Amino acid sequence: MIETIKTLFWVSRPISWINTAYPFAVAYYLSTGVIDAPLIIGTLFFLIPYNLLMYGINDVFDYESDLRNPRKGGIEGALLEPRFHRLTVVAAVFSSVPFVLYLTFVGTSESTGWLYFFLFTVIAYSARGLRFKEKPFLDSLTSASHFVGPAVFGLSLAGADLANPNFLLYLGAFTLWGVASHAFGAVQDVRADREGGISSIATVIGARNTVRFSFLAYLIAAGFVALAGMPNLLWAAVPYLVIVGRHWNITDATCEDANRGWKLFIWLNFFAGAVVTLAWI
């Protein structure tokens, strides 16, 4: 039992819990100004079950490529033994269902539509037969939706106006930030993914082009923030541009070098994500 709990704990990527729970909690609370059951239950859902669903499905269907990836087995991702595959999927689904049913009951048709849409992208990203993660560019866009989604759902659940022009600009910035982060993260796995037969934006257009695409996406995201009337937040993009820019001339043969920058991203995202979410709201 202890081994099972420990395994599920690491599969859920505890270092990423805040990246999904925080956007929902802040979006909902700043829109309503109250601490109520939907806020608490929604935050708990996006803290653990949502991540277990997202990463658990990923670890089950990516097992073969993960075996060839030296990064797996630690803070950057679990190497899930086959004997835990069925258990992980069952735990991910059954831990999510009660929360989803509650959020459906207290929500509107709009908020429920958003919730189900983003849950679909979580499953479609890795599940056999869909595998959005193996469709170049769609992989990065879908990955971004995993973190933008909780905020969008939180705003919708709170009754906020999602058609507000500034909201759309911040949504674009937040999405591009997620796209850029995913694309850059895929660079370090170019060789491992190719050996495992997995396609990604980086395996298709190459490590160097992916780094440059990521740089451009961060730059455009910063531009959207400025257009939304928050030019003072442009500095938040500087660390990302510097980190990505250092790998401007990376090659497929040296793709693993990008891991140094990615490790910085893991911690930088805590701060930058908070800034972007607060500015967005």
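The values are calculated or read from the model by the stated rules, or taken from the named source; none is laboratory data. These figures come from a predicted structure and were not determined experimentally. Please note: Cβ atoms are built from the backbone with ideal geometry, for glycine as well, and neighbour counts cover all protein chains shown.
A few comments on the model shown:
- Residue in the stretch 206-226 that is within 19 Å of Val179 (Cβ to Cβ), crowded, with 17+ Cβ neighbours inside 10 Å, at pLDDT below 95 and among the polar types (S, T, N, Q) present: no
- Whichever residue in the stretch 93-109 is touching a residue at least 24 places away in the same chain (Cβ under 8 Å) and part of a helix (DSSP H, G or I) and, among such residues, is farthest from Pro38 (Cα to Cα): Val93
- The single condition among (1) touching a Leu at 6+ places or on another chain (Cβ under 8 Å); (2) more than 20 Å from His182 (Cβ to Cβ); (3) surrounded by fewer than 22 Cβ atoms within 10 Å (Cβ to Cβ); (4) touching a residue at least 40 places away in the same chain (Cβ under 8 Å) that Thr112 does not satisfy is (4).
- Unique residue being under 23 Å from Leu138 (Cα atoms), under 18 Å from the mean Cα position of the chain (by Cα), surrounded by 19 or more Cβ atoms within 10 Å (Cβ to Cβ) and of a type in the set (A, V, I, L, M, F, W, C) when the list is Val148, Val190: Val148
- Val244 being in a helix (DSSP H, G or I) and under 19 Å from the mean Cα position of the chain (by Cα): yes
- Number of the condition not met by Ser126 [criteria: (1) at pLDDT below 95; (2) over 17 Å from Tyr50 (Cβ atoms)]: (2)
- Any chance Pro23 is crowded, with 16+ Cβ neighbours inside 10 Å and either more than 14 Å from the chain's Cα centre (by Cα) or outside the structural domain of Tyr125 (by TED's automatic domain parsing) (or both): no
Table: residues versus (1) in contact with a Cys (Cβ under 8 Å, 6 or more places away or on another chain); (2) in the same structural domain as Ile41 (by TED's automatic domain parsing); (3) more than 30 Å from Ala258 (Cα to Cα).
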site: Phe105; (1), (2), (3): no, yes, yes
site: Gly113; (1), (2), (3): no, yes, yes
site: Arg128; (1), (2), (3): no, yes, no
site: Lys135; (1), (2), (3): no, yes, no
site: Asp139; (1), (2), (3): no, yes, no
site: Leu169; (1), (2), (3): no, no, no
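- Restricting the stretch 77-100 to residues that are modelled with pLDDT under 90 and under 20 Å from the mean Cα position of the chain (by Cα), the residue that is surrounded by the fewest Cβ atoms within 10 Å (Cβ to Cβ): Leu79
- Output for the stretch 254-272, where each listed residue is free of Cβ contacts under 8 Å to residues at least 40 places away in the same chain and small (Gly, Ala, Ser): none
- Among the criteria (1) at pLDDT 95 or above; (2) surrounded by fewer than 24 Cβ atoms within 10 Å (Cβ to Cβ); (3) not hydrophobic (A, V, I, L, M, F, W, C), the one Gly172 does not fulfil is (1).
- Any chance Ala202 is surrounded by 24 or more Cβ atoms within 10 Å (Cβ to Cβ) and under 18 Å from Gly229 (Cβ atoms): no
- Candidate set from the stretch 12-32 (those that are in contact with a Ser or Thr (Cβ under 8 Å, 6 or more places away or on another chain) and not aromatic (Phe, Trp, Tyr)); member that is nearest to Phe84 (Cα to Cα): Ala21
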